[in-house]
Every structure is written in structure tokens, then in C-alpha cells.
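**Q** Handing you this structure, nothing more for now.
The values are calculated or read from the model by the stated rules, or taken from the named source; none is laboratory data. Quick caveat, the model's predicted, so the values are computed rather than measured. Backbone-built Cβ (ideal geometry, glycine too); neighbour counts: all protein chains shown. Ligands, DNA and RNA are excluded from the accessible area calculation, which covers all protein heavy atoms including side chains. Shrake-Rupley method; radii C 1.70, N 1.55, O 1.52, S 1.80 Å.
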Amino acid sequence: MLSKTFAVAIMATFAIGTNATWCNYYYDANCQQDSNGGTSFDCANEASFGGGGNYVQCHSTKGNQQTCIITRCADSTCANILNTFEASPEGGSGPCISTGGSGPWYEQKFA
């Protein structure tokens, strides 16, 4: 089994999108129990998506460090915002951050 750090390094090598900042959602405060089957969400996408988990961890490549603004929404339009916060991975894996509740919808974009 690959270690989490090694897996992130591999993902960074094959950078997701051109902006290379992406996030994963988890059920636990240690960001170990993935809530979306290993799916990574690119901060450049700016589309809303359904997701579970109460925690998020964002990642970036060293050459392209961008802060991601994450909005937790009540529905797919994100017209009803539950909370918003920033995640700064700083050229690697950022901290495991509480989203303030589990989904039901999220939206990500660059700061």
C-alpha cells in the first residue's frame, strides 16, 4: 500500500489541471477516511458538487501554490451559503480543516 505522502507526491507529479491546487474530503479530523472514494476536486473548476465528510485537505505543487476558497452550501446553486473558508496548501499537503458539517454541497475557487 502506498503511503499518503507518496500518493500526494505522485499526484503532484501528474498535476491535476493546470493550476495544480486540489482538495480531498474526509470523515475524520486526521484526514485518513476518504469520503468521496479518492476523488480530488480541482480548485480551478468553480462548479458546485455534492460531497460528504466534515473535513477537507488541499494540496498543491511547489511551483504553483494557490489558496483555495471553499464554500459549503445547502444546495447545488450555492445560493444558501452555510460557511466559507480558505485552505492554503503551500506547496504540498495543507492542514486537515473542519468544514463545519458534512456537505451537502461544496464549491471551490481560487482566492
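**Q** Sort through Thr67, Thr39, Thr71 and tell me the only one that's among the polar types (S, T, N, Q) and in contact with a Leu (Cβ under 9 Å, 6 or more places away or on another chain).
**A** Going through Thr67, Thr39, Thr71 in turn, just one is among the polar types (S, T, N, Q) and in contact with a Leu (Cβ under 9 Å, 6 or more places away or on another chain): Thr71.
**Q** I want to confirm something. Restricting to segment 64-78 and keeping residues that are more than 10 Å from Gly103 (Cα to Cα) and free of Cβ contacts under 8 Å to residues at least 40 places away in the same chain, which single residue is surrounded by the most Cβ atoms within 10 Å (Cβ to Cβ)?
**A** So the residue we want is Cys78.
**Q** Can you tell me which residue within segment 79-98, out of those that are among the polar types (S, T, N, Q) and closer than 14 Å to Gln108 by Cβ, is surrounded by the most Cβ atoms within 10 Å (Cβ to Cβ)?
**A** Ser88
**Q** Being open to solvent by 30 Å² or more (accessible area, probe 1.4 Å) and among the polar types (S, T, N, Q) is the filter here, so list the residues in segment 41-63 that pass it.
**A** Scanning segment 41-63 gives Asn45, Ser48, Asn54.
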